[in-house]
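Everything on this sheet refers to the single structure shown next.
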Amino acid sequence: MKRATALLIILSSFLLVSCAKSPKKSEEHFPAMDTYITVEAYGENSDKAVREVRSRVEYLEKLWSATDENSEIYALNHGKDPELSKETLDLAKYSLEMSEKTDGAFDPTIYPVLTAWGFTTENYRIPDSGELSELLGNVGYKNVVIDGEKIVLKRGMMLDFGGSAKGAASDYCAEIMRENGIKSALINLGGNIYALGERTDGKKWRIGIADPENPSENAGILDVSDRAVVTSGNYERNFTLNGKTYGHIIDPKTGFPADNDLLSVTVVSEEGRLCDTLSTALFVMGKDKAADYWKAVGGFEMIMIEKSGNIFVTDGIFGDFSSERAVFCIDNAE
Ligand code: AMP
Ligand code: MG
């Protein structure tokens, strides 16, 4: 009898330990924000957390879509004066702040130019220089006025959160996870990743950094915990005409797709919206200016993949990045 009780105690404590080691997993997979979203969370409230995450992303998409006729952004872009949500005002303010900080490499008013190239409809074409310079007359973050609860756009101007929405959404998702007591989750909004906490085995999350020339393969792996990891590159959306490839990230100074020594930029920080706006802006800047920005401003880490195939990684994450390619460290030493 005594033996049986002892065995039962041993067995139940074993069960308790093994339960503690593998918390409940919940997942959601769904299309939104022009991409495919996957969310996985571990912990007691994981079901509720992933459901809330999904509905928040769907809610944000309804506010921010540039093509949905019922969105706040669509109304703004079509001369209406909609009542704006706190989320829209916050992201507009943040986007303008990042435009200022990146000297206009990030510019959420680039939409008319993006449309002229066909990136919004997939009817791709090459606008001529006259058309581009006319359109660039309607581009310029400095002309967006935020007046209390209102955003005022000049005639012909349009606002687009395509370069920031997913990163900003990932911050809301991470917040929902934390509110639900989740300590381990992976939120992937089409390559905009938020790796919350650590994996359930106590190790860091392993995030594949896509090979821009063959995006179904990885150029390397980054180990992270509690960080957003966001990549921008022209391999994500582009078209090829007469042997030349044109990508969806536009240099606001020229109206042409950014075309420099880079194939992709990955930004790593605690904030998804910072990573998203910066990865777009640093891709526009090119390798040397991006490295200078990192040295001068900081607050993030990055991985740049050059057209040569070489990879440049800032020293804060250099030790956490593995690749079979040539990898060079960028540090603050002049
Ligand atoms: P991402 O994939 O985050 O680099 O964002 C690219 C998307 O941002 C494009 O599809 C456009 O909607 C928008 N975009 C393109 N160029 C810029 C730019 N220079 N600044 C801000 N948004 C941009
Ligand atoms: Mg971006």
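Among the numbered conditions (1) surrounded by fewer than 19 Cβ atoms within 10 Å (Cβ to Cβ); (2) under 18 Å from the mean Cα position of the chain (by Cα), the only one that His78 does not meet is (2). The set of residues from region 25-60 being part of a loop (DSSP other than H, G, I, E, B), of a type outside the set (A, V, I, L, M) and at pLDDT 95 or above comprises Gly43, Glu44, Asn45. Here Glu149 meets the list (1) surrounded by fewer than 17 Cβ atoms within 10 Å (Cβ to Cβ); (2) under 24 Å from Gly286 (Cβ atoms); (3) more than 16 Å from ligand 2 (Cβ to nearest atom) almost entirely, failing just condition (2). Only one of the listed residues (Lys93, Lys142, Lys80) is farther than 15 Å from Lys253 by Cβ, basic (Lys, Arg) and in a helix (DSSP H, G or I). That residue is Lys93.
The set of residues from region 248-299 being within 13 Å of ligand 2 (Cβ to nearest atom), touching a Gly at 6+ places or on another chain (Cβ under 6 Å) and within 21 Å of Pro215 (Cβ to Cβ) comprises Ser264, Gly272, Cys275, Asp276, Thr280. No other residue among Leu282, Leu263 is touching a strand residue (DSSP E or B) at 6+ places or on another chain (Cβ under 7 Å), under 27 Å from Ser133 (Cα atoms), of a type outside the set (D, E, K, R) and part of a strand (DSSP E or B) apart from Leu263. If you go through region 103-127 and pick out every residue that is buried (at least 21 other Cβ atoms within 10 Å of the Cβ) and either among the β-branched types (Val, Ile, Thr) or within 15 Å of ligand 2 (Cβ to nearest atom) (or both), you end up with 10. Selection of region 173-203 for residues being open to solvent by less than 40 Å² (accessible area, probe 1.4 Å), small (Gly, Ala, Ser), in contact (Cβ under 8 Å) with a residue 40 or more places away in the chain and away from ligand 1 (no atom under 16 Å from the Cβ) yields Ala174, Ser184, Ala185. Does any residue of region 156-163 turn out to be open to solvent by 20 Å² or more (accessible area, probe 1.4 Å), away from ligand 2 (no atom under 16 Å from the Cβ) and more than 22 Å from the chain's Cα centre (by Cα)? Yes: one or more hits. Can you name every residue in region 190-225 that is farther than 16 Å from Ser269 by Cα, within 16 Å of ligand 2 (Cβ to nearest atom) and of a type in the set (A, V, I, L, M, F, W, C)? Within region 190-225, just Ala210 meets the criteria. Given Phe328, Phe312, Phe256, which one is touching a residue at least 60 places away in the same chain (Cβ under 8 Å) and either open to solvent by 20 Å² or more (accessible area, probe 1.4 Å) or not polar (S, T, N, Q) (or both)? Criteria check complete, one pass: Phe256. Does Ser170 qualify as being buried (at least 23 other Cβ atoms within 10 Å of the Cβ), assigned to a helix (DSSP H, G or I) and either of a type outside the set (A, V, I, L, M, F, W, C) or at positive phi (or both)? Taking the combined requirement at face value, the residue satisfies it. Restricting the first member to region 266-287 and to residues that are of a type in the set (Lys, Arg), and the second to residues that are within 8 Å of ligand 2 (Cβ to nearest atom), the beta-carbon pairs closer than 8 Å and six or more apart or on different chains are Arg273/Ser164; Arg273/Gly167.
Note on region 164-189: among residues that are within 16 Å of ligand 2 (Cβ to nearest atom) and of a type in the set (D, E, K, R), the one that is nearest to the chain's Cα centre (by Cα) is Lys166. Out of everything in region 225-248 that is open to solvent by 10 Å² or more (accessible area, probe 1.4 Å) and of a type in the set (A, V, I, L, M, F, W, C), what residue ends up being modelled with the highest pLDDT? The qualifying residue modelled with the highest pLDDT is Phe239.
The values are calculated or read from the model by the stated rules, or taken from the named source; none is laboratory data. All values derive from a computational prediction rather than experimental measurement. Neighbour counts are summed over all protein chains in view; Cβ atoms, including those assigned to glycine, are modelled from backbone coordinates with ideal geometry. Areas reflect the complete protein model, heavy atoms only, side chains present, ligands, DNA and RNA absent. Shrake-Rupley method; radii C 1.70, N 1.55, O 1.52, S 1.80 Å.
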